[in-house]
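Reviewing the structure listed below.
Where a number appears in this text, it was derived from the coordinates with a stated rule and is not lab data. A quick note: this is a predicted structure, and the numbers were derived from the prediction, not measured. Here the Cβ positions follow ideal geometry from the backbone for every residue, glycine too, while neighbour counts run over all protein chains shown.
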Amino acid sequence: MYPFYIDPKLCKKCGLCIEFCPTKVYTTGKDDAPKVEYPEKCISCKMCFYRCPDFAIKLKPEVA
């Protein structure tokens, strides 16, 4: 289960989440924004969560 969501208001589209995801869950979507393409590949390592400089990747409330 992919336990995160991306807050589009905080995301500055830097691409760090795409770059550091070891299982390549993300792809580049509209306007260069990260898009969750393969949620089933997520291993919940939190690399995207920790690397996001703007805290745009959040833990879903039902998981927290």
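Quick notes
- Unpartnered cysteines - no second Cys beta carbon under 4.7 Å - across the chain: CYS11, CYS14, CYS21, CYS42, CYS45, CYS52
- For ILE57, nonlocal amide neighbours, meaning residues 5 or more places apart or on other chains whose placed amide H falls under 5 Å from its own, are ASP7.
- Here is the tail figure for the chain: Cα pairs spaced more than 14 Å apart come to 50 percent of all pairs.
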